[in-house]
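Throughout, read-outs are computed from the coordinates displayed, never taken from laboratory work. Everything quoted here is computed from the prediction, not taken from an experiment. A quick note on method: Cβ atoms are made from the backbone with ideal geometry, for glycine too, and the neighbour counts reach across all protein chains shown.
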Amino acid sequence: MFDAWYGVESSDECLTTLRKLAGDGPVLELGVGTGRVAVPLAASGLQVTGIDASPEMIEQLRAKPGSERITVVQGDLADADVGDEEARFSLITCVDNTLFLLESQEEQVRCFRNVARRLTPGGLFVIEVPARVPRMDEDEHGVFVESVSADRVGLWIVDHNRAEQRMFMQQVSFENGSVRLLPVPVRYAWPAELDLMAQMAGLRLRERWSDWDRTPFSSTSVVNISVYEKPGGGDD
């Protein structure tokens with residue numbers, strides 16, 4: 001269902017940028033999902049490991065050509081546990097808004113700390129999250145139209161708790177006489193809070209962009225792509 005709604009492939013710009021940041025690898029993807037990022041990265045010759053909590057997602061990944069090149073671990077992405085305590089990575093990614101699926105600040109901080117432990121000196125942690133909160137100017141509860149076509153209607157049902165920076169969103173799709181639901185619990189964080197989490201984990205902000213073309217981040221950016229670095233590389 002994920003691929004049917006969101007597409008099978010990630011953008012060329014995303015993959016090109018991640019390949020450059022990875023160097024010779026290895027790469028760990030948190031929230032590997034159906035492999036939209038991991039499969040093409042592995043096809044380019046990088047050693048790729050992916051973690052995902054969903055057995056359904058992993059099953060879809062395993063059905064794809066090229067997935068045999070990827071080491072897949074089912075588990076909590078906040079733990080960054082790949083089954084080998086000695087494993088280290090030059091690049092760890094958490095894209096497609098996945099970090100905000102961790103439902104508490106404590107889980108998000110734990111994720112940063114475990115990522116830092118898994119990175120090689122000079123290694124990079126790349127996150128992609130929304131820079132704005134959807135419907136921030138709307139009521140705390142609401143129903144919003146996502147899309148309308150001859151054979152499909154998509155809706156979002158949103159419950160927003162501003163005090164806790166939490167949103168529970170239910171995506172509803174009416175298509176060809178059937179109804180499909182996709183629950184999306186979100187705990188969002190602003191760039192300054194993310195930077196503080198990184199600092200607590202011993203990482204530092206290296207770059208921040210508003211898209212995968214590396215457009216500099218600004219107050220009008222819709223997307224926050226942040227690159228955090230573990231000190232200790234050759235440039236220190």
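Some values worked out for this structure:
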quantity	calculated
Helix 105-118 vs. the chain, principal-axis angle (Cα, 0 to 90°, nearest 10)	30
Dmax and Rg, reported as Rg then Dmax, of segment 146-222 (C-alpha, Å)	17.7, 51
For the chain, the longest site-free run once GluC sites (Glu not before Pro) in DSSP loop states with at most 10 other Cβ atoms within 10 Å are removed	87-236
Top positive-direction residue, dipole computed over the chain with Cβ charges, set 22, 167, 153	22
In sequence order, calculated HN-Hα J values of segment 141-147 (Karplus, 6.51, -1.76, 1.60; Hz; x Gly/Pro)	10, x, 10, 10, 7, 8, 7
Theoretical ellipticity at 222 nm over the chain - DSSP helices of four or more residues, -39500 (n - 2.57) apiece, nearest 500	-6500 deg cm²/dmol
Built amide H within the under 5 Å cut-off of residue 29, gap 5+	49, 50, 51, 93
Cα-derived Rg over Rh, computed across segment 141-186 with Rh taken as Kirkwood radius	1.07
Segment 48-60 - phi-based ³J(HN,Hα) in whole Hz, Karplus 6.51/-1.76/1.60, Gly and Pro as x	10, 10, x, 10, 8, 7, 9, x, 5, 4, 5, 4, 5
Chain lengthening between residue 218 and residue 69 when straightened (0.36 nm per residue, less Cα-Cα)	49.9 nm
Rounded to whole Hz, the Karplus (6.51, -1.76, 1.60) HN-Hα couplings of segment 30-38, x for glycine and proline	8, x, 5, x, 8, x, 4, 9, 5
Test item: Cα-centred dipole of segment 141-186, Lys/Arg +1 and Asp/Glu -1 on Cβ, debye	80
q = 0.14, 0.18, 0.22, 0.32 Å⁻¹: log10 I(q)/I(0) that the Debye formula gives for segment 29-71, counting C-alpha atoms only	-0.23, -0.39, -0.58, -1.21
Calculated SAXS-style log₁₀ I(q)/I(0) at q = 0.13, 0.16 Å⁻¹ - segment 30-152, Debye, Cα scatterers	-0.62, -0.85
Residue 204-residue 148 FRET efficiency (beta carbon distance; Förster radius 41 Å; 0.05 resolution)	0.35
The chain: relative contact order as a whole-number percent, Cα under 8 Å and 6+ apart	17
Charge dipole of the chain about the Cα centre (unit charges at C-beta), most positive-ward option of 228, 179, 94	228
Residue-span extension gain [residue 53 to residue 79] - 0.36 nm each, minus C-alpha spacing	8.3 nm
Dipole magnitude of the chain about its Cα centre (Cβ charges: Lys, Arg +1; Asp, Glu -1), debye to nearest 20	380
C-alpha long axis of helix 191-200 to longest principal axis of the chain, angle in °	40
√(5λ) per eigenvalue of the Cα gyration tensor, segment 86-236, largest first, Å	33, 16, 15
